[in-house]
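Single-structure report; data block below.
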Amino acid sequence: MFLDPGRFDLYNFFEFKNTNEVGFLKHLNKNGIRGAFNYFKNQPLIIVVIFSVILLFNLFKIVGFAMFWIKQYKNVPKALWFMLFIIIYIVALTGIIGAARFLVPVLPLYLFIATLGFSHKKIVSVSIE
């Protein structure tokens with residue numbers, strides 16, 4: 001879910017005919033690296049370029065998200081723990097088919113936390129007594 005580039009959605013957006021019913025992982029699992037290479041060789045160039053850019057951004061988001069929880073877990077306010085719970089809940093609901101479109105409802109929360117992961121400021125929890 002966090003790495004999926006949304007192949008189906010990109011094909012629909014660019015109005016390409018999807019002649020290949022199965023995706024990248026099917027080719028990778030069936031024929032290894034050669035199958036993955038052949039899969040990308042048969043894709044339109046614009047799709048391969050966009051997949052590469054999306055992969056870089058997705059990796060960047062995952063690193064920021066992980067960095068936040070590694071650096072800040074002791075000082076995280078309850079609201080951010082609740083956001084993490086919502087993200088985990090959506091991931092658990094979608095299960096193994098967690099596609100990019102299932103990330104859409106929690107993307108603002110995910111991006112917010114990932115952005116905080118690259119911040120050098122400490123999160124200060126304020127309690128009102």
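How large is the Kirkwood hydrodynamic radius of the chain, counting all unique pairs of alpha carbons, in Å?
Working: mean 1/r = 0.0595 Å⁻¹.
Hydrodynamic radius (Kirkwood, Cα pairs) of the chain is 16.8 Å.
Which residue, Leu56, Phe13, Ile46, has the largest displacement toward the positive end of the dipole of the stretch 7-117 when charges sit on each Cβ (Lys, Arg +1; Asp, Glu -1)?
Sorting the options by dipole projection puts first Leu56.
Using the charge dipole of the chain (Lys, Arg: +1 at Cβ; Asp, Glu: -1 at Cβ; taken about the Cα centre), state which of Gly95, Phe118, Gly23 has its Cα farthest towards the positive end.
Towards the positive end, the residue furthest out is Phe118.
Test of understanding: what is the full-extension gain from Lys78 to Leu55, defined as 0.36 nm times their sequence separation minus their Cα-Cα distance? Before the final figure, lay out each step's value.
On the way: separation 23, 0.36 × 23 = 8.28 nm, distance 3.08 nm.
Result for the pair: 5.2 nm of gain on full extension.
If R0 is 35 Å, what FRET efficiency do you get for Ile88 and Ile47 from their C-beta distance, rounded to 0.05?
Computed FRET efficiency for Ile88 and Ile47: 0.70.
Given points 7 Å out from each Cα along the Cα-Cβ axis, report the Ile70 to Phe16 separation in nanometres with one decimal.
Spacing of the two 7 Å Cα→Cβ label points: 3.4 nm.
Which lysines, if any, have their Cα less than 30 Å from the Cα of Lys41, not counting same-chain residues under 8 positions apart?
List returned: Lys17, Lys26, Lys30, Lys61.
What size of dipole, in debye to the nearest 20, comes out for the chain about its Cα centre when the only charges are +1 on Lys and Arg C-beta atoms and -1 on Asp and Glu C-beta atoms? The partial results should precede the final answer.
On the way: 13 positive and 5 negative charges, 70 e Å.
Around 340 debye, computed over the chain.
Readers should treat all values here as calculations from the given coordinates under stated rules, not as data from a laboratory. Predicted model, so just to flag it, every value in this text is computed and none were measured. Methodologically, a virtual Cβ is constructed for each residue, glycine included, from the backbone with ideal geometry; neighbour enumeration extends over all protein chains shown.
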